Amino acid sequence: MFEIPVKWLVFILTIYLPFNIVVSVNNPLTRNTYIVQMDRSAKPEYFTSHLEWYSSKVQSVLSKPEIEGNADEEDRIIYSYETAFHGVAAKLNEEEAERLEEADGVVAIFPETKYQLHTTRSPMFLGLEPEDSASVWSEKLADHDVIVGVLDTGIWPESESFNDTGMTPVPAHWKGMCETGRGFQKHHCNKKIVGARVFYRGYEAVAGKINGKNEYKSPRDQDGHGTHTAATVAGSPVRGANLLGYAHGTARGMAPGARIAAYKVCWAGGCFSSDILSAVDRAVADGVNVLSISLGGGVSSYYRDSLSIAAFGSMEMGVFVSCSAGNAGPEPASLTNVSPWITTVGASTMDRDFPATARLGTGRTISGVSLYKGRRTLLTRKQYPLVYMGGNSSSLDPSSLCLEGTLNPRVVAGKIVICERGISPRVQKGQVAKQAGAVGMILVNTAANGEELVADCHLLPAVAVGEKEGKLIKSYALTSRNATATLAFRGTSLGIRPSPVVAGFSSRGPNLLTLEILKPDIVAPGVNILAAWTGDLGPSSLPTDHRRVKFNILSGTSMSCPHVSGIAALLKARHPEWSPAAIKSALMTTAYVHDNTHHPLKDASVATPSTPFDHGAGHINPMKAQDPGLIYDLEPQDYFNFLCTQKLTPTQLKVFGKYANRSCRHSLANPGDLNYPSISAIFPDDTSIKVLTLHRTVTNVGLPTSTYHVVVSPFKGATVKVQPEILNFTRKNQKLSYKIIFTTKTRQTMPEFGGLVWKDGAHKVRSPIAIIWLTPLK
């Protein structure tokens, strides 16, 4: 077993428990939603349709009513799946589900699971501004035919980001539609929003009927998250966009010419797997080219993860799937959405910040960040009493966390309150302080957050500071009888160095499901991102926030995922013949691993260099990705061959291979032999094995005649040799293979990282390398 720090063991234990919230009740007669995967090819001829057959199967296992003549009042089937997945979602009790799982033609049954949302300067920071007429990403590109499906909380169609002026007619291949409901009519779709659908049957089966007065039972977004992600993917340019004066400029999506199809799968009580699966299935049938999914739950075996299975089906249909990595960093092994056919996206900062300061009575000025703009202001020349309700103990104190009902108005009124991060939302702490009569708040990081700062649109004057400075401020407040401070807000600052930096909250590798698949794949801007917002909620998302804004600034891997989705749409427009794997390869092999100070990318949580377990292949580089030189391509069968190495039973493999009659005839010798753009060499715990050989094949998508030379970084624990060291291409789309031979010199107790680069003078095709020596259990 891999010898790892104790805190990693916690994650190993938790992620191999049921992977997210499995929605069930202990009573075996209680009906819950189950996703039933069927073998489509096994339908008897006497059934006129697959749905008729599926319904018959479900009916055959239903328990008899307790009282004769008591009809089963509800339709047990809530969804049927036909494209990326085959089967139904049905309401069954535990005994019925067990009987159905044994029936002929049933491949697998999955219990309903709950997912969570992973929650504009980025085009310029990424080199995508269209003002440069020579840019390959200029509006002359035919990206109008690319459609991105966004699975989220819906869309606010009135936003200027969804203006369709100048767009060409909707592509002929599009089969989607505009579903209507309260606050959303046919005219809300246009040549930008080409489709909008809602999926709530799974949610209602668990949470009860949606209250149509409190929540839009339509594609309209009252949460804001879906509008923000959709605009980040493909929002039209909007001049003068800003949040209360912050981040003023032109807001535009990554692919402003692409179309958006909004699939609303998340509601006030969460997002449920049967709804998500139905949305993926419908989106692929509608004709999307890219799926952007800023959701996640946890990690489960490939054959038990319904989103992973649906993404596999989408990939088979040529659809690129991008998912957020999760916001559980900086803890190791905290990733979600780790399947190799999914592009897993972590978050990084940009070179823009929103500086604010806290000046203490001692004269010392502490730097922080804030997006506060309101009627309440503090005089910079006046000092206000400073109070901290916690103590010197390192244990959590509800008062120091400024949780609801913990602040005594008689103690905090008229003062600046110090609040620690944790348990409750950052902006809610400020609301608690405001209600108790405080005039301001200093939000301090704890060890869990380190020095990473995320700006928020607070409801009272507030500044966020890092852990080290936070300790200093808390000590000052506890030891000085007359501690004072004042807060000041400095607006928007550009050219921040170093940047980008890997966000502390961004979920980390290794990918414990399969160590040979290095995850995340890539990082993209996900901190303080400006994009369109709902008109139904204030920028803090608190019910008490009555401010209304057209744009909001959010942070999370939910924000980085649509950056990659939009850039994938641009690549699909430029290279319509490219497979999802080819697009992923272009994004990964052209990513950069140095910041704007020319030093290795840093990790915001510790201010030290990040590793491929943090940043994957590196930071996305759209300009380079359009001409990668070489790509690591993969067909659906290649992914199936990989699955054959994962110790799955024939029945478990059926969930991926039944519809194309796939088999393990050409199984890989090693899961690390999957033709993936990153390289992970795992030495087993058998110390006598000192040599490991991995294989890769590259496809020439650059000049027909080209010669590539390889460069590999040195490692302490192993020598790495590539054969051959030179690749000579004589035609476009030619494939050449090479092998990488790892020979152990000294087994290391921790992973080692480096890179392999193929160079031809015009291109640098880089693959990150991780070498891990598993340690025998004692």
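Using the crude model of +1 on Lys and Arg Cβ and -1 on Asp and Glu Cβ, and no other charge, please compute the dipole size for the chain relative to its Cα centre, in debye to 20.
2600
State, as an integer percentage, the relative contact order of the range 660-736 based on alpha-carbon contacts under 8 Å between residues 6 or more apart.
29
Roughly how many whole Å is it from the C-alpha centroid of the range 415-479 to that of the range 742-775?
Going from one Cα centre to the other spans 42 Å.
Considering only protein heavy atoms, what per residue accessible area in square angstrom results for the range 206-276 with a 1.4 angstrom probe? Please list the in-between numbers first.
Working: 1920 Å² over 71 residues.
Each residue of the range 206-276 exposes 27 Å² on average to a 1.4 Å probe.
Taking K57 as the anchor, which lysines have their alpha carbon closer than 28 Å to its alpha carbon, excluding any fewer than eight residues away along the same chain?
Cα-Cα hits under 28 Å: K43, K91, K114, K209, K654, K658.
For the range 236-374, compute Rh as the Kirkwood radius over C-alpha pairs and then the Stokes-Einstein diffusion coefficient at 10 °C and 1.306 mPa s; write the answer in µm²/s, rounded to an integer.
After rounding, the answer is 86 µm²/s.
Put +1 on the Cβ of each Lys and Arg and -1 on the Cβ of each Asp and Glu in the range 474-577; which of I517, T486, P576 then has its Cα farthest toward the positive end of the dipole?
Checked the options; the winner is T486.
Contact order normalised by length for the range 355-486, with contacts defined as Cα pairs under 8 Å and 6 or more residues apart; what percent is it?
34
Expressed in nm², what is the orientationally averaged projection area of the convex hull enclosing the Cα positions of the range 258-329?
Projected area, direction-averaged: 5.6 nm².
Using only protein heavy atoms and a 1.4 Å probe, report how much of T687 is accessible, in Å² to the nearest 10.
It works out to around 80 Å².
With the dipole of the chain worked out from charges on the C-beta (+1 for Lys and Arg, -1 for Asp and Glu) around the Cα centre, which of G212, S680, I553 lies farthest toward the positive end?
Sorting the options by dipole projection puts first I553.
Measuring with a 1.4 Å probe in the full set of protein chains, what accessible area per residue, in whole Å², belongs to the range 640-778?
Per-residue accessible area for the range 640-778 comes out at 49 Å².
Give the whole-number value, in cubic angstrom per residue, of the convex hull volume spanned by the C-alpha atoms of the range 620-778.
Given the Cα convex hull of the range 620-778, per-residue volume reads 151 Å³.
Per-residue accessible area for Y388 at 1.4 Å probe radius, Å² rounded to 10?
20
Which value in deg cm²/dmol, rounded to the nearest 500, describes the helix-derived mean residue ellipticity at 222 nm for the chain, given -39,500 (n - 2.57) per DSSP H run of n ≥ 4 and division by the residue count?
On the way: 17 runs with 154 residues, N = 778.
Mean residue ellipticity at 222 nm (helix-derived): -5500 deg cm²/dmol.
Express the accessible area of the range 355-486 per residue in Å², computed with a 1.4 Å probe while the remaining protein chains stay in the model. Walk me through the intermediate numbers first.
On the way: 5900 Å² over 132 residues.
With all protein chains present, the range 355-486 gives 45 Å² per residue.
As a test question: what accessible area, to the nearest 10 Å², does D638 have when a 1.4 Å probe is rolled over all protein chains in place?
That residue has around 50 Å² of solvent-accessible surface.
Provide, as a two-decimal number, the C-alpha radius of gyration of the chain over 2.2 N^0.38 Å, N being how many residues it has.
Working: Rg = 26.7 Å, N = 778, 2.2 N^0.38 = 27.6 Å.
For the chain, the normalised Cα radius of gyration comes out at 0.97.
Going toward the positive end of the dipole of the chain, with +1 on Lys and Arg Cβ and -1 on Asp and Glu Cβ, which of G154, N621, V387 do you reach last?
V387
Given a Förster distance of 25 angstrom, what is the FRET efficiency for N670 paired with T649, based on the Cβ-Cβ distance and rounded to 0.05?
Numbers: r = 20 Å, r/R0 = 0.81.
Between N670 and T649 the formula returns 0.80.
Write down the Å³ per residue value for the convex hull defined by the alpha carbon atoms of the range 355-486.
Values: hull volume 12.4 nm³, N = 132.
Hull volume normalised by residue count: 94 Å³.
Sorted by accessible area (1.4 Å probe), largest first, how do H666, H709 line up? Write out the running numbers ahead of the final one.
Values: H666 125, H709 95 Å².
Per-residue accessible area, sorted high to low, gives H666, H709.
Quick one: of the DSSP bridges fully inside the chain, what percent are antiparallel, nearest 5? If you can, show how the numbers build up before the last one.
Numbers: 85 of 133 bridges.
Around 65 percent of the beta bridges assigned by DSSP in the chain are antiparallel ones.
How much of the DSSP bridge set in the range 157-307 is antiparallel, in percent, rounded to the nearest 5?
50
Please report, as a whole percent, how much of the solvent-accessible surface of the chain comes from carbon and sulfur atoms (probe radius 1.4 Å).
Using a 1.4 Å probe with all protein chains present, the chain comes out at 52 percent carbon and sulfur.
Which whole-Hz ³J(HN,Hα) couplings does the range 85-92 yield from phi under the Karplus relation 6.51 cos²θ - 1.76 cosθ + 1.60, θ = phi - 60°, glycine and proline marked x?
Rounded to whole hertz, the list is 8, 10, x, 9, 10, 9, 8, 9.
For the range 311-416, what D do you get in µm² per second when you plug the Kirkwood radius from alpha-carbon pairs into Stokes-Einstein at 25 °C and 0.890 mPa s? Write down the numbers at each step before the final one.
Numbers: Rh = 19.1 Å.
Estimated diffusion coefficient is 128 µm²/s.
Over the range 671-720, consider all pairs of different Cα atoms and compute the Kirkwood hydrodynamic radius from their mean reciprocal separation; express it in Å, one decimal.
Numbers: mean 1/r = 0.0725 Å⁻¹.
Over the range 671-720, the inverse of the mean reciprocal pair distance is 13.8 Å.
For the range 355-486, what is the charge dipole size about the Cα centre, in debye to the nearest 20, if Lys and Arg each add +1 at the Cβ and Asp and Glu each add -1 at the Cβ?
Value, rounded to 20: 620 debye.
The values are calculated or read from the model by the stated rules, or taken from the named source; none is laboratory data. All figures in this text were calculated on a predicted structure; none of them were measured in a lab. Positions of Cβ are backbone-derived with ideal geometry, glycine not excepted, and every protein chain shown enters the neighbour counts. Heads up: the accessible areas ignore ligands, DNA and RNA and are worked out on the full protein's heavy atoms, side chains in. Shrake-Rupley method; radii C 1.70, N 1.55, O 1.52, S 1.80 Å.
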